Amino acid sequence: MTTSLTIARLQRAATGVCAAALMAASLAGAPAFAQDRAAPELVAQDQAASPSIGMIEDGAQGDADSNVRTASAKVNGEIITQTDIDQRVAWIEATTQRRLVPQEREQVVQQLVDELIQIQNARESEITITSDEVVQMYDRYAQRELGITSAELDELTRSVGSSPASLQRMLLAQAAWQQLLRRNVAPLVNVSAREVNEQIDRMKADKGTNEYRLGEIYIAAPAGSDAQVEQRMQAIMAQLQETGDFASVAAQYSQASTAARGGDLGFVRLDRLPPELATVVPAMQVGELQGPIPCCGGYSILYMRDKRQVMVADPRDGMVSLAQITINMPAGLSMEEMNRFAADFGQKTQSLTGGCSAVEAQARQIGAEAVLVDQISIRQLPSQLQEMVLATPDGGVTRPYGVAASEASQPLRAMMVCGRSDPPMLDGPTSDQVMEQIENERIERRAQNYMRDLRRDAIVERN
């Protein structure tokens, strides 16, 4: 396994894009924000506690002398070393393939501080997560997220300047926080059958109105820190715009409990959002970012993953079979020549006959190549391509599309719609699903306040 191959594999896992979505992004000729993947399942039992953050155990790359533990920060007397910071930064830079600017490194330090606060408070609450359990989380992360063995992940972390211990501490903090929420927050949340029924009645009354699948990155702003936090959020916005990887960035920086699932809020209606966010969301388009938005004692960045109508079947939930027709535009053409080439390609693809059974042979006759894609959800396609496919009848071909390349030949594409199946009819969510949604919303609000209180009570010293 070469390092370059593994880094590429790591990048694919970090974005959380399934194979079909990767194919769809290439069809559109432009990158799209990644879909989320669930965080590894985290469990805790009553055995000896796992090593806490700040303990570099395997002599991985970092400080010149790994036995010298230089304190860069202390949280309630426990040390975060420069090695801890350097190794976490190295891992983030490997997954994003970019160097972090000083403001982003500061965000990494804050994340390590938050993780240590979470681990310490889990320990005080007598929540124990054993070393064996942390190793199991690490193994699952390697297999599920990266498609490699834990031994290969060990090699990868060291090759990029990080360490297995650094990644394991991140997983430990996630587990500690989830356990804290289950013990100290979730039991305080109660949802009555009456509330569930009222919510279902409102949904029926709102049938046909919009609801939105949102991603959120939230950072609290303690008193007097608004300018500093807003500056941090601006740096996160710049990173999002450069990498397009919302799920990974949310997992790294968001202080909301949804960070464990890449910032995903699920589908929500406007009346379930704080007013500061509800006023922004309706004007957002799928794939759009907005922020930083002052809200709820801090700042939020929103990402519009999807939108749909309440209890109405969405045609994008249907399945479609496609044939991608690709031709390489010669390099060195002027803009006028490129337009003529595209128009000629469009005329030729519109005249194709015989449907998808004959498209491969006919594409070769016009100097193009056709690849069949069987049964993909329309929703998995990039938003611009979704609209073109929905507007194209079975057997028809979309207009040409593509992105000009900076060198060599330039790919130009069109899509033939081979056939489609209608989306299933919607009966609306069940009572259990509505109850779970209300519970999750309340837990999230309480979790933000809980973490704010833990930060306020912690004694943090910075060098």
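The values are calculated or read from the model by the stated rules, or taken from the named source; none is laboratory data. Quick caveat: nothing in here was measured; it's all calculated off a predicted structure. Cβ coordinates were reconstructed from backbone atoms using ideal geometry, including for glycine residues, and neighbour counts include every protein chain displayed. Just so you know, the surface numbers come from the protein's heavy atoms only, side chains and all, with ligands and any DNA or RNA stripped out. Shrake-Rupley method; radii C 1.70, N 1.55, O 1.52, S 1.80 Å.
Quick rundown of the values:
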| item | result |
| --- | --- |
| For the range 289-321 and the range 191-234, distance of Cα centres in Å | 11 |
| Cα pair distances of the range 203-242 binned at 10 Å [whole percent] | 23, 32, 21, 20, 5 |
| Within straight-line cross-link reach of Lys207, aspartates and glutamates at Cα separation under 17 Å, skipping those fewer than 8 residues along the same chain | Glu198, Asp271, Asp314, Asp427 |
| 14 Å beta-carbon shell around Ala447, net charge (K/R +1, D/E -1) | +2 |
| Ranked packing of 434-442, 88-96, most packed first, by mean Cβ within 10 Å | 88-96, 434-442 |
| The range 305-382: radius of gyration and largest Cα-Cα distance (Dmax), Å | 16.6, 51 |
| Residues of type lysines that Lys204 reaches as a straight line, Cα spacing below 18 Å, ignoring anything fewer than 8 places off in the same chain | Lys307 |
| Residues of the range 192-281: accessible area per residue with a 1.4 Å probe, Å² | 42 |
| Scattering profile of the range 234-358 at q = 0.16, 0.20, 0.21 Å⁻¹ [log10 I(q)/I(0), Debye over alpha-carbon scatterers] | -0.90, -1.11, -1.19 |
| Carbon + sulfur, % of accessible area of the range 209-309 - ligands and nucleic acids excluded, 1.4 Å | 49 |
| Computed P(r) (all Cα pairs; the range 408-463; 10 Å bins; percent) | 15, 17, 16, 15, 18, 17, 2 |
| All-pairs Cα distance distribution in the range 345-463, expressed in whole percent, bin size 10 Å | 10, 26, 19, 11, 15, 13, 5, 0 |
| Length gained when the stretch Ala458-Glu126 is fully extended (0.36 nm per residue, less Cα-Cα span) | 117.7 nm |
